[in-house]
Amino acid sequence: MKPLTGEQFAISYESPGAGRGRSSAVVTELAAALRELFLDGVESVEPHSENELPPMGAGLILVPWPNRIADARWLLNGAPQQLDRTEPSTGNATHGLLRNTAYRVTDHRESSVTLAATVFPQHGYPFRLDTSVQYVLDESGLTVIHSLTNESASPAPVAVGAHPYFRVGETPVEDLVATIDASTRFEVDAVAIPVREVPVDDTDFDLRSGRRIGDLDIDSGFGGVGIRDGEAVHSVTAPDGSRTEVWGDENFRFVQFYTPHNFPRAAGKGQAVAIEPMTAPANAFNTGQGLRWLQPGETWRLRWGVRHRA
């Protein structure tokens, strides 16, 4: 039988550097999800089976918005738009419109794969977007390149995110130290919609100097992300100093940080850590914060990625 998550696209790269291991990744046809990633031989994301839906959104690509839209409603030129409520417990619309979509492969080589999917006009989103995501392995690690083109006759609102959960090899997640380069966080209401953005200074949400993940129970969006040399960089670090870094280009000025204690694994549930690069925070269709309006025929290209540091 075919895998429940569709065709599995494997890529790999053998580094010529001394002491470097083989890097490999598996991306699924369903949602173009990153299902496995080893960088220099080190497991760098939480894997999941090809025959299960991505647990807790693991590895999903989030387009044309990440996170949530309050009550699945927003206004377009003053006219109410009603999206499908995809988070029944809150009535919100969550994680965009492609999480249940089969992507099509447009290019597959030894060290890269490009997948494409179309967002067609639908409830609450009367636009057509042609999208693609390319996964590339090289000596720097994994680079993920997004392309979105507005094929509609009017400007279309868009934002991009991803939902990876990170590891540093076999180190227990609770023993990792998370560093999030962000100076603000979003306080939310009872259904996880931001109500205000506040500084993290002198609070338990200041993760700029690193905090042990086992001491954390956080599911929060952050702003004020530092852009240094053109990159936003966050990381998880093992006790021996090795770390997994997630980086984004200057478009990724927001990040969601999530440390669930019930992430499902073959050995049983445990703590996991998601660092989700985002171009806009939750509810951006209503607030406009970080939202990009693509003009008819306009294409937006952006990138993020994952590195291993020994």
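Please treat every number below as a calculation from the coordinates, not as lab data. Fair warning: this is a prediction, and the values are worked out from it, not measured in the lab. Note that we place each Cβ from the backbone using ideal geometry, even for glycine, and neighbour counts take in every protein chain shown.
Worth a mention:
Residues checked against (1) at negative phi; (2) in a loop (DSSP other than H, G, I, E, B); (3) surrounded by 18 or more Cβ atoms within 10 Å (Cβ to Cβ); (4) within 14 Å of the chain's Cα centre (by Cα):
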position: Ser147; (1), (2), (3), (4): yes, no, no, no
position: Ser154; (1), (2), (3), (4): yes, yes, no, no
position: Ala162; (1), (2), (3), (4): yes, no, yes, yes
position: Glu170; (1), (2), (3), (4): yes, yes, no, no
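- Candidate set from the stretch 258-277 (those that are crowded, with 22+ Cβ neighbours inside 10 Å and out of contact with any helix residue (DSSP H, G or I) (no Cβ under 9 Å at 6 or more places or on another chain)); member that is farthest from Gly230 (Cα to Cα): Ile275
- Failed condition for Ala31, given (1) on the phi < 0 side of the Ramachandran plot; (2) within 16 Å of the chain's Cα centre (by Cα): (1)
- In the stretch 224-257, residue farthest from the chain's Cα centre (by Cα) [restricted to those that are small (Gly, Ala, Ser) and surrounded by fewer than 21 Cβ atoms within 10 Å (Cβ to Cβ)]: Gly241
- Residue under evaluation Glu250, criteria (1) part of a loop (DSSP other than H, G, I, E, B); (2) under 18 Å from Thr143 (Cα atoms); (3) in contact with a strand residue (DSSP E or B) (Cβ under 7 Å, 6 or more places away or on another chain), criterion not met: (3)
- Here the condition is being in contact with a strand residue (DSSP E or B) (Cβ under 8 Å, 6 or more places away or on another chain) and buried (at least 21 other Cβ atoms within 10 Å of the Cβ); of Glu46, Glu50, it holds for Glu46 alone.
- Among the strands (runs of 3 or more DSSP E) confined to the stretch 265-310, the ones with at least 2 residues that are under 22 Å from Pro239 (Cα atoms), in contact (Cβ under 8 Å) with a residue 60 or more places away in the chain and in contact with a strand residue (DSSP E or B) (Cβ under 9 Å, 6 or more places away or on another chain) are located at 274-278, 299-309.
- The single condition among (1) closer than 17 Å to Tyr258 by Cβ; (2) surrounded by fewer than 15 Cβ atoms within 10 Å (Cβ to Cβ); (3) hydroxyl-bearing (Ser, Thr, Tyr) that Thr203 does not satisfy is (1).
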